[in-house]
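Starting off with a structure, shown below.
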Amino acid sequence: MLIQKFATRSKVSTVNISVVGGSNSVIRQGYVKSLNNYLGKITTKPTILKYYSLGGVPSIFGTIQHERYNIAANSDIIFFEYCVNDRHAIEVNQYSLELAGKSLEGFIKKAQKSNPNCIIVILIFGINLECFYNNHCYLSELYELIGKRYNLPVLNLTKLLAEYQEIDYVKSLYDTKDHAHYSRPHGVKVVSQKIVNQLHNLGVIDSLKSTIISTREKFKIADTSEIYPDNFKNLAFLENFETGKFFSSQPRISVYQNTVFREKNFTIYQGMSLDFLLKGRLMAIFIKSDFNDGFFSIDFNSQRIVTSSYSSWVHKIKPQNVINLVTLPLRKFSESQDFSPVSIALCPEYPTEFDLGFNKTIPSKKDPRKWKLSIIGVAYTGEIKSIY
């Protein structure tokens, strides 16, 4: 009875829009604001827009965000946009087609469990470089395959725009100094309008306009067999470190907030560490980065990574706070079948050997005594226990 009541409820007064993606989906003058305006006009409903995006990270971040916020539960439509970031991460050997596929499928499975009536739209954006236009994109192909498998609308914007005009027209929508974003005001409007037009052609707009949720059956996430049996649908996230003893000594706790994010972070210094026991797989470390970041080590079950937390987005002249993701454990570590210790700590000395992760660079500060590490949370699969 409750299920039937939910499926036929008759007052859907707003369109709840969520955006999960990279920098295209979070920049101030990007396509999202125009898309929100167009959707409000065409559905004749008030819209509620929520950002879950972050620049400079691959699609595993979208799966993390769903785990943290249960995005689908309160969304009528989700736009998933990671193709630019995933493609670049794969090109620099910091990600893979397999990881991109597992991340997307994990996101879909989490959304399906939470709210199968939520419409997920996969957006495939291109980049304004000849190497992109002239070469086959296997990542786009994978996204389209997964979208088809789960009955999701997939909008390949470069293809759609090129069908309307020529490639030169597509190129004109980018700023000449920025090959990765639709950042020109005209380009933003064209892209947003194209998305809405295509959704209208597919029937998505009519579903959003309807007051009956059951009309979304056409776009309901398909309950199908999984492509990847070990996809990331079971990804978990530890961020409430205050419920147990996880640090060797008390970290400095602060909150970083801007117009999109409000993130509590736990800062450790030399001689301090974040420690716990993990039975499963360590996947990523979510951090806040600034001018005082340095090298740190991650030890797990006799495996070790030494890397930098200093983000390439930190401005060297006007230092700023940046939130970012360290995904090296996802690629480098194998899972543990038993509870094994994890320890994350700053390097006491400047390392001779290290591995730079996606969009990370060597620290600006060379003195290890001045380094710090601000941790927002840890992504993993399996089970975590406090070590102390």
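The numbers here are math on the coordinates, done by the rules we state, and not lab data. For clarity, every value in this text was computed on a predicted model and none was experimentally measured. Neighbour counts run over all protein chains shown; Cβ positions are idealised from the backbone, glycine included.
At a 10 Å Cβ-Cβ cut-off, how would you order 143, 31, 38, fewest neighbours first?
38, 143, 31
If R0 is 51 Å, what FRET efficiency do you get for residue 168 and residue 303 from their C-beta distance, rounded to 0.05?
0.55
Assign unit charges at the C-beta atoms only (+1 for Lys and Arg, -1 for Asp and Glu), then state the dipole size of the chain relative to its Cα centre in Debye, rounded to the nearest 20.
1300
Where q = 0.12, 0.16, 0.20 Å⁻¹, what log10 of I(q)/I(0) comes from the Debye formula for region 69-180, counting one point per Cα?
The Debye formula, applied to the Cα set alone, gives -0.47, -0.79, -1.10.
Based only on Cα atoms, what mean projected area does the convex hull of region 2-231 have, in nm²?
12.1
Would you give the gap between the C-alpha center of region 182-228 and the C-alpha center of region 274-293, rounded to a whole Å?
What the calculation gives is 35 Å, centre to centre.
Counting other C-beta atoms within 10 Å, which of 102, 245, 264 has the fewest, and how do the rest follow?
With the sparsest Cβ surroundings first, the list reads 245, 264, 102.
How compact is the chain by the rule of thumb for globular proteins, expressed as Cα Rg over 2.2 N^0.38 Å?
1.01
While we're on this one: Please compute the net charge surrounding residue 161, taking Lys and Arg as +1 and Asp and Glu as -1 over other residues with Cβ under 14 Å from its Cβ.
+2
Only Lys, Arg, Asp and Glu count, each charged at its Cβ (+1, +1, -1, -1), so figure out the dipole size of region 347-388 about its Cα centre, rounded to 20 debye.
280
If you add up the charges near residue 255, with Lys and Arg at +1 and Asp and Glu at -1, over every other residue whose beta carbon is less than 9 angstrom from its beta carbon, what do you get?
+1
Compute the length gained on full extension between residue 186 and residue 315: take 0.36 nm times their separation in residues and subtract their Cα-Cα distance, giving the result in nm to one decimal.
Going from the current span to full extension adds 43.7 nm.
I've got another one for you. Where does the chain land at 222 nm, in deg cm²/dmol rounded to the nearest 500, when only DSSP H runs of n ≥ 4 count, each adding -39500 (n - 2.57), divided by all residues?
Rounded to the nearest 500, it is -8500 deg cm²/dmol.
Let me ask you something else. For region 235-386, compute the orientation-averaged projected area of the C-alpha convex hull (one quarter of its surface), in nm².
The orientation-averaged projected area of the Cα hull of region 235-386 comes to 8.7 nm².
In the chain, with Lys and Arg counted as +1 and Asp and Glu as -1 at Cβ, which of these residues, 53, 147, 211, has the Cα nearest the positive end of the dipole, that is, farthest along it?
Sorting the options by dipole projection puts first 211.
Please name whichever of 241, 181, 14 sits farthest to the positive end of the charge dipole of the chain, dipole taken about the Cα centre and charges placed at Cβ: Lys and Arg +1, Asp and Glu -1.
Checked the options; the winner is 14.
Would you mind working out the magnitude of the charge dipole of region 2-231 relative to its Cα centre, with +1 at each Lys and Arg C-beta and -1 at each Asp and Glu C-beta, to the nearest 20 Debye?
Using only the charged Cβ atoms, the result is roughly 1140 debye.
A further question on this structure: Based on the mean of other Cβ atoms within 10 Å per residue, sort peptides 366-377, 60-71 so the most packed one is first.
Highest-to-lowest ranking by the protection proxy: 60-71, 366-377.
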